[in-house]
1. Tell me, what is the per residue accessible area of the chain in Å², probe radius 1.4 Å?
2. In vacuum, with every alpha carbon of the chain counted as one equal point scatterer, what does the Debye formula give for log10 I(q)/I(0) at q = 0.17 Å⁻¹? Two decimals, please.
3. With +1 on each Lys and Arg Cβ and -1 on each Asp and Glu Cβ, how big is the dipole of the chain about its Cα centre, in debye rounded to the nearest 20?
4. Using +1 at the Cβ of each Lys and Arg and -1 at the Cβ of each Asp and Glu in the chain, identify which of 22, 59, 48 lies farthest towards the dipole's positive end.
5. For an R0 of 25 angstrom, estimate the FRET efficiency from the Cβ-Cβ distance between residue 97 and residue 18 and round to the nearest 0.05.
6. Percent of accessible area on the chain owned by carbon and sulfur, 1.4 Å probe?
Amino acid sequence: SGSSASGAKMRRALELVRQAEPELEIDGEMHGDCALDEALRLRILPSSTLKGEANLLVCPNVDAGNIAYNLLKTAAGGNVAVGPILLGANAPVHILTSSSTVRRIVNMTAMTVVDANTPR
C-alpha cells in the first residue's frame, strides 16, 4: 500500500516465490483483512487470484509477524497456536515463547517429532 522499504521487500519476495513455484496460488501485498476475508478482497482487489481465506501470511519483518501471530492466535484460535515454525534449518527446530500453554508445548513437541522422523 505504499512505496516503503517493507513494501519493496514484499514485492521482491513475491517475485522470488513466483520464479521458484509458478503454479503456487499466491498474491502480493495486501492488508491482513483482505487476506483473511475473501468477500472484502474481491471487492477491493478484484484482480486477486486467491480463493478463500489465506492460509499463510508473509510479513515484512519479525515485529509485524509477531504482532499478526499474536492477534490471530488470540482472536481466531482461542489462544491456542501451533508455531511459530522455523523453516530452512538443517534440523527440526521450533520456537516456544514464554506465553506457551501446555497444549502448545505438546503440539510443538509432536510437530518436532514428526519433522525429526521425516526424511529430507
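The values are calculated or read from the model by the stated rules, or taken from the named source; none is laboratory data. Remember, predicted model here, so these are calculated numbers, not experimental data. Don't worry about glycine lacking a Cβ; one is built from the backbone with ideal geometry, like all the others, and counts go over all protein chains shown. These accessible areas exclude ligands, DNA and RNA; they are computed on the full protein's heavy atoms, side chains included. Shrake-Rupley method; radii C 1.70, N 1.55, O 1.52, S 1.80 Å.
1. Working: 8700 Å² over 120 residues.
Accessible surface, normalised per residue, equals 72 Å².
2. Results for the chain at q = 0.17 Å⁻¹ read -1.08.
3. The dipole of the chain has a size of about 260 debye.
4. Result: 59.
5. Details: r = 32 Å, r/R0 = 1.29.
The formula returns an efficiency of 0.20 here.
6. Numbers: 5210 of 8700 Å².
Answer for the chain is 60 percent, counting heavy atoms of protein chains only.
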